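The structure appears right after this line, and notes come after that.
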Amino acid sequence: MLGALEGFAVIGFIIFVGFLLGRSGVLGAQGQRVLASTVFYVSTPALLYDLIAEAPLERIFSPAIFATAGSASLVGIALFTFSYFKHRSLGRAVMSGWAVSYVNIGNLGIPIAIYVLKSSSYVPPIMLFQLVILAPLGMVILDIHQAKRAGTLAHWWTPLLQVIRNPILIGAAVGLFFAITGLRLPQIIHDPVSMIGATSVPLTLLAFGISLKDGWAVPARGTRTDLTLITVVKLAIQPLIAWVIGGPLLGFTGIDLMAIVVTSALPTAQNVYVYSMRYRMAETLVRDAVFVTTILSFPTIVLLSALLS
């Protein structure tokens, strides 16, 4: 379990630095949102390009992705539907769906894959599914929803413009183009873009740490049910569905099945909190979901690893 412990230690340290920044006030009142905006508009698109452009296409379409993506899609749709009919809020529904389907594969998943699963090859397919399909799909829904509320949806092509201008989609599209064609940017351009992309994870964690500057309290009554449901679905039901799809249905066994289940039990990604700040929707619920699932995911991963090893 050294890998899991190391992953949690890295995350915890950077979040703690963000907490200290928030307490000190050196970044000002808008520091957290500036970091979140930087991640959304600059760092993550650069990371997407770098990740997709360098990934072999056969790794992206690994058969195991049907289990992890399938389980994530099922629980995401279920929570989206439940939240929408309960609160009648499309934004909150998208955030709830993301909270159970968008796993922390970027920073916590990598050390766990290396030290527990003995291979980092399990990471790229999940990361690409989330950044190329899961995130853009939710953003398209949110962008169209906000355009309708603002009254800027006067023409049929307005939703298309919203999609085209989304920086996450632009980064994914550029990366996919280079992956398919085999072309590469000149080194003098590729290197700085790669460096910018490398800031995505730490800036995300710092922004999350700042959100905890005033401490963490038990959620208000209005959000306890949602938070409990998200936690149970994320750490128990999603890994169970992943095991059913990966094992009995697709026939994976051994370390491959263990990888499917363990990666599905990873906590809610901090990226979801960045997205909630970007769209100003369900920020407190998402922050609490990230915090609680991260704390509880460690014993969950230890238990699942012991059962499946």
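The values are calculated or read from the model by the stated rules, or taken from the named source; none is laboratory data. As the structure is a prediction and not an experimental result, all values here were calculated from the model. Glycine gets a Cβ as well: all are built from the backbone with ideal geometry, and neighbour counts include every protein chain shown. Accessible surface is based on the protein model in full, side chains and every heavy atom, while ligands, DNA and RNA are left aside. Shrake-Rupley method; radii C 1.70, N 1.55, O 1.52, S 1.80 Å.
Kindly indicate whether T263 is open to solvent by less than 50 Å² (accessible area, probe 1.4 Å), at pLDDT 90 or above and not acidic (D, E). Walk me through it before giving the result.
Details: open to solvent by less than 50 Å² (accessible area, probe 1.4 Å): yes; at pLDDT 90 or above: yes; not acidic (D, E): yes.
When the stated conditions are applied, T263 passes them.
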Can you tell me how many residues within segment 25-74 are closer than 28 Å to V100 by Cβ and part of a helix (DSSP H, G or I)? 32
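Within segment 186-196, does at least one residue satisfy the condition of being open to solvent by less than 10 Å² (accessible area, probe 1.4 Å) and assigned to a helix (DSSP H, G or I)?
Quick first cut of segment 186-196, residues open to solvent by less than 10 Å² (accessible area, probe 1.4 Å) only: none.
The answer is no, given that none of the residues of segment 186-196 is open to solvent by less than 10 Å² (accessible area, probe 1.4 Å) and assigned to a helix (DSSP H, G or I).
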Return the total of residues in segment 276-309 being in contact with a Phe, Trp or Tyr (Cβ under 7 Å, 6 or more places away or on another chain) and closer than 20 Å to M127 by Cβ. 3
Kindly check whether there is at least one residue in segment 6-24 that is over 27 Å from I230 (Cβ atoms) and open to solvent by 80 Å² or more (accessible area, probe 1.4 Å). yes
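Just to be sure before I move on: is V244 outside any loop (DSSP other than H, G, I, E, B), over 23 Å from L74 (Cβ atoms) and open to solvent by 10 Å² or more (accessible area, probe 1.4 Å) in the structure I sent? Quick ask: steps written out before the conclusion?
Values: outside any loop (DSSP other than H, G, I, E, B): yes; over 23 Å from L74 (Cβ atoms): no; open to solvent by 10 Å² or more (accessible area, probe 1.4 Å): yes.
So V244 does not fit the description; no.
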Do we have V274 as more than 20 Å from V75 (Cβ to Cβ) and surrounded by 22 or more Cβ atoms within 10 Å (Cβ to Cβ) here? yes
When (1) out of contact with any helix residue (DSSP H, G or I) (no Cβ under 8 Å at 6 or more places or on another chain); (2) at pLDDT 95 or above are applied to T81, the one that fails is (1)
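Just for segment 28-47: of the residues that are of a type in the set (A, V, I, L, M, F, W, C) and either modelled with pLDDT under 90 or surrounded by 22 or more Cβ atoms within 10 Å (Cβ to Cβ) (or both), which one is nearest to I105 (Cα to Cα)?
Our first condition is that a residue be of a type in the set (A, V, I, L, M, F, W, C); within segment 28-47, this holds for 29, 34-36, 39-40, 42, 46-47.
Now drop any that are not either modelled with pLDDT under 90 or surrounded by 22 or more Cβ atoms within 10 Å (Cβ to Cβ) (or both), which leaves 29, 35-36, 39-40, 46-47.
Details: A29: 30, L35: 20, A36: 19, V39: 17, F40: 17, A46: 17, L47: 14 Å.
Within segment 28-47, the match that is nearest to I105 (Cα to Cα) is L47.
Just checking, does segment 240-254 include any residue being within 15 Å of the chain's Cα centre (by Cα) and in contact (Cβ under 8 Å) with a residue 24 or more places away in the chain? Even if it seems obvious, please write down each step before you answer.
We begin by selecting, within segment 240-254, every residue within 15 Å of the chain's Cα centre (by Cα); these are none.
Checking segment 240-254: not a single residue is within 15 Å of the chain's Cα centre (by Cα) and in contact (Cβ under 8 Å) with a residue 24 or more places away in the chain.
Given the condition surrounded by 18 or more Cβ atoms within 10 Å (Cβ to Cβ) and within 17 Å of R92 (Cα to Cα), answer yes or no: does some residue in segment 198-219 qualify? Talk me through it step by step, then tell me what you get.
Within segment 198-219, the subset surrounded by 18 or more Cβ atoms within 10 Å (Cβ to Cβ) is 199-201, 203-211, 219.
After this cut, where a residue has to be within 17 Å of R92 (Cα to Cα) as well, the list is 219.
Yes; the residues of segment 198-219 include at least one that is surrounded by 18 or more Cβ atoms within 10 Å (Cβ to Cβ) and within 17 Å of R92 (Cα to Cα).
Listed here are the residues, each with its yes/no results for (1) in contact with a strand residue (DSSP E or B) (Cβ under 6 Å, 6 or more places away or on another chain); (2) in a loop (DSSP other than H, G, I, E, B); (3) modelled with pLDDT of 75 or more; (4) of a type in the set (V, I, T).
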| residue | (1), (2), (3), (4) |
| --- | --- |
| V94 | no, no, yes, yes |
| W98 | no, no, yes, no |
| V123 | no, no, yes, yes |
| L134 | no, no, yes, no |
| L142 | no, no, yes, no |
| L161 | no, no, no, no |
